[in-house]
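Every number here is computed from the coordinates shown, using simple stated rules; none is lab data. Treat the numbers as computed from the prediction; the structure is a model and nothing was measured. Cβ coordinates were reconstructed from backbone atoms using ideal geometry, including for glycine residues, and neighbour counts include every protein chain displayed.
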Amino acid sequence: MAAVQETIDQVRQIDVDQYKYGFETAIEVEKAPKGLSEEIVRFISAKKQEPEWMLEWRLDAYRRWLTMEEPTWARVDYPKIDFNDIYYYAAPKSASGPKSLDEVDPELLKTYEKLGIPLKEQEILAGVEKPRVAVDAVFDSVSVVTTFKKELAKAGVIFMSISEAVREHPELVKKYLGSVVPVTDNYYATLNSAVFTDGSFVFVPKGVRCPMELSTYFRINEKNTGQFERTLIIAEEGAYVSYLEGCTAPQRDENQLHAAVVELVALDDAEIKYSTVQNWFPGDKQGKGGIYNFVTKRGDCRGDRSKISWTQVETGSAITWKYPSCILRGDDSRGEFYSIAVSNGHQQVDSGTKMIHLGKNTSSRIISKGIAAGVSQNTYRGQVSAHRKATNARNFTQCDSLLIGDRCGAHTVPYIEAKNSSAQFEHEATTSKISEDQLFYCLQRGIPEEAAIALIVNGFVKEVIQELPMEFAVEAQKLIGISLEGSVG
Amino acid sequence: MLEIKNLHARIAEDGTEIIRGLNLTVKAGEVAAIMGPNGSGKSTLSYILSGREDYEVTEGDILYNGESILELDPAERAARGIFLAFQYPVEIPGVATMQFLKVAMNEQRKARGEAELTTPDFMRRVKEAAAELKINPDMLKRPLNVGFSGGEKKRAEILQMALLEPKLCVLDETDSGLDIDALKIVADGVNALKSPDRATIVITHYQRLLDYIVPDTVHVLYKGQIIRTGDKDLALELEANGYADIIGQAA
Ligand SMILES: Nc1ncnc2c1ncn2[C@@H]1O[C@H](COP(=O)(O)OP(=O)(O)O)[C@@H](O)[C@H]1O
Ligand SMILES: [Mg+2]
């Protein structure tokens with residue numbers, strides 16, 4: 001059984017956009033030469049003082065990448081990327097291992113301050129009843145500050161940059177790296193495997209509930225620097241962890257490539273919650289500049305009764321190509337995907353999820369809320385499949401699109417495949433517009449147009465916002481408001 | 001307080017003229033009833049007063065406290081105290097009634113240069129006003145107007161009016177869809193807001209509501225014009241004889 005349905009709503013609308021975080025930090029940066037070659041791969045590996053096996057792993061990926069072709073199936077359109085016109089490594093010079101915040105470049109701290117990132121430990125500690133958040137801030141390619149490491153270590157949780165993990169926990173990295181997203185999974189994942197520079201590593205041992213939310217803020221800063229983060233999160237039997245990721249990037253003329261790989265592994269009875277609030281520069285009014293975001297995120301519910309849930313709020317990037325997925329391998333495992341994708345101006349978003357049901361009694365839930373404004377294109381692409389052995393697989397998908405103005409487009413492309421007759425898949429899709437009546441009603445109550453749109457849109461996405469950790473929910477609501485500013489002419 | 005002078009207005013999209021030389025004066029402290037058969041332009045007039053862009057004023061003026069408001073957008077008019085209780089209140093999915101109230105109150109305060117309400121102050125005001133209107137606190141947690149019964153919708157409109165404390169209240173067919181008990185509650189709510197510096201325009205095509213909200217003046221609107229003005233007895237006359245006589249006399 002296969003069903004492909006496409007709903008296309010083409011509409012027109014004026015756009016303006018203001019990216020609030022378009023500033024650049026003047027910090028000296030150490031760079032590898034432009035372009036990609038075996039030498040560059042070796043350079044990156046050497047910079048990171050990696051063991052031989054890691055270098056070999058990278059080189060193998062690089063050689064395979066050379067034989068691959070860029071995919072073209074997504075509903076996005078962009079000038080051809082010259083992979084030899086990109087820097088594959090950039091590190092803030094002062095980043096060779098600061099021991100505390102005092103050692104961090106003050107320019108860098110100022111940048112974070114402008115972004116409102118609660119980097120300072122005392123601020124985090126001062127949050128009286130708020131859950132504490134450990135921040136592993138990634139500045140360009142190198143992780144510069146890791147807080148709360150000690151307390152986490154006490155619980156047995158390992159939270160560090162992936163480069164450190166390669167050196168300090170090689171047995172874990174060897175065992176899990178590439179086990180969810182194989183080296184040759186897709187063009188961008190293979191590229192990432194060859195040149196990944198940094199990212200987070202989380203290991204929560206058997207029976208441990210991670211004592212705090214883990215949060216990473218990524219920020220692309222150096223001009224023409226491709227970002228190739230690699231994140232690996234492992235929850236052993238009965239472990240629980242919630243990980244938050246947030247991004248903003250300064251304004252750019254040229255498009256910047258971003259190709260991250262995130263791998264999650266949940267063993268028996270383990271649960272991983274992965275939340276993203278993403279706000280990269282989407283490009284200016286003419287559609288110039290902005291981040292190309294080609295990400296591979298996948299979770300493996302490897303153990304029985306394990307659970308992985310993805311929650312994402314996507315407001316940025318010129319082009320987004322992203323499908324956080326779950327492989328439901330363990331019996332009774334569960335995958336969830338909650339998504340808000342906002343596109344404005346000339347943004348192109350092609351995002352969704354894959355739920356691959358392999359084990360018995362596996363279930364999945366997909367709630368996708370797409371908001372399109374300006375002349376943007378917003379596509380939900382989702383795949384739900386049940387393997388022959390996946391008896392009683394269950395999925396519920398709800399996919400709602402909201403159009404602002406009439407020059408944007410929202411598209412829903414579900415792929416459903418059940419090789420087992422006991423599978424029960426449900427799919428609901430709606431497309432609506434913010435009505436004139438709703439807008440006028442809000443205006444009549446004294447709520448100005450932009451605030452009214454933010455209010456109505458936040459109502460539309462409420463189901464997903466509720467899935468975010470508290471401290472992100474507020475930020476996400478603000479971000480949605482900001483990213484829709486100027487969406488009405 | 002309100003002076004509408006020789007107002008002509010049409011539907012922006014197709015140019016159909018709906019309001020055709022309308023004159024109306026409402027003083028502070030006054031309750032004015034506008035009556036008229038279906039399709040005569042009552043709702044359109046309420047929309048034009050609140051600045052809806054679907055209509056174009058082609059001639060005449062609307063003076064509010066002596067100043068023309070034609071150049072003001074709907075939110076600006078609202079912040080200056082013009083409130084419309086809608087004939088058909090609009091659903092705002094996912095937005096809790098409480099949240100909507102807070103945003104509306106604070107946006108109006110912001111526009112007037114006043115400080116935002118503190119949460120306890122806001123909660124207190126809402127609780128009091130809701131109790132007056134016999135509104136169940138659970139209703140305030142539900143998305144605004146979504147799945148509300150006809151009576152709940154109308155009560156929610158009056159609740160907003162009470163909290164926003166407007167100067168000019170326009171009630172468009174607030175009685176429609178209400179049973180007699182609900183009608184009394186709503187009427188009590190409106191009467192409680194009566195004050196010497198506030199004017200109320202009650203739009204209806206039945207005189208039933210006017211037993212509870214007693215008007216100072218009654219105006220008959222027909223084909224976009226006020227064809228007759230009188231006191232509350234005019235409403236009774238209409239009730240007894242229908243509109244045909246008056247329309248006939250005006251023709
Ligand atoms: N936006 C609009 N588009 C088309 N027709 C309209 C519009 N607004 C009002 N009308 C028409 O104008 C006339 C007056 O409508 P309305 O003001 O709703 O009357 P009332 O409230 O007195 O029943 C009706 O014939 C109605 O169909
Ligand atoms: Mg009407």
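For this structure, a couple of remarks:
One line per residue, one yes/no per condition, for (1) more than 10 Å from every other protein chain (Cβ to nearest Cβ); (2) of a type outside the set (Gly, Ala, Ser):
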{"residue": "B:Glu76", "(1), (2)": "no, yes"}
{"residue": "B:Ile92", "(1), (2)": "no, yes"}
{"residue": "B:Ala115", "(1), (2)": "yes, no"}
{"residue": "B:Ala130", "(1), (2)": "yes, no"}
{"residue": "B:Asn136", "(1), (2)": "yes, yes"}
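- Residue count, segment B:207-249 (criterion: of a type in the set (Phe, Trp, Tyr) and within 25 Å of B:Ile158 (Cβ to Cβ)): 1
- Residues of segment B:41-84 classified as charged (D, E, K, R) and more than 16 Å from ligand 1 (Cβ to nearest atom), total: 8
- Filter result (away from every other protein chain (no Cβ under 14 Å), part of a loop (DSSP other than H, G, I, E, B) and β-branched (Val, Ile, Thr)) within segment B:138-182: B:Thr174
- The set of residues in segment B:29-40 that are surrounded by fewer than 21 Cβ atoms within 10 Å (Cβ to Cβ) and away from ligand 1 (no atom under 16 Å from the Cβ) comprises B:Gly29, B:Glu30.
- Within segment B:206-222, the set of residues being within 16 Å of ligand 1 (Cβ to nearest atom) and crowded, with 19+ Cβ neighbours inside 10 Å comprises B:Gln207, B:Leu209, B:Val218, B:His219, B:Val220, B:Leu221, B:Tyr222.
- Wholly enclosed helices (runs of 4 or more DSSP H) of segment A:400-489 bearing at least 2 residues within 14 Å of chain B (Cβ to nearest Cβ), touching a Cys at 6+ places or on another chain (Cβ under 9 Å) and surrounded by fewer than 23 Cβ atoms within 10 Å (Cβ to Cβ): A:449-460
- Single residue of B:Leu84, B:Leu7, B:Leu72 found to be crowded, with 23+ Cβ neighbours inside 10 Å, on the phi < 0 side of the Ramachandran plot and within 14 Å of chain A (Cβ to nearest Cβ): B:Leu84
- Looking at B:Val26, B:Val90, B:Val103, just one residue is in contact with a strand residue (DSSP E or B) (Cβ under 7 Å, 6 or more places away or on another chain) and either at negative phi or away from ligand 1 (no atom under 16 Å from the Cβ) (or both), and that residue is B:Val26.
- Residues satisfying the stated conditions in segment A:378-402, i.e. over 22 Å from the mean Cα position of the chain (by Cα) and of a type in the set (A, V, I, L, M, F, W, C): A:Ala386, A:Ala390, A:Ala393, A:Phe396
- When B:Ile48 is tested against (1) crowded, with 21+ Cβ neighbours inside 10 Å; (2) out of contact with any helix residue (DSSP H, G or I) (no Cβ under 9 Å at 6 or more places or on another chain); (3) more than 14 Å from every other protein chain (Cβ to nearest Cβ), only condition (3) is not met.
- Residue in segment B:175-191 that is within 16 Å of ligand 2 (Cβ to nearest atom), surrounded by 22 or more Cβ atoms within 10 Å (Cβ to Cβ), in contact (Cβ under 8 Å) with a residue 60 or more places away in the chain and hydroxyl-bearing (Ser, Thr, Tyr) present: no
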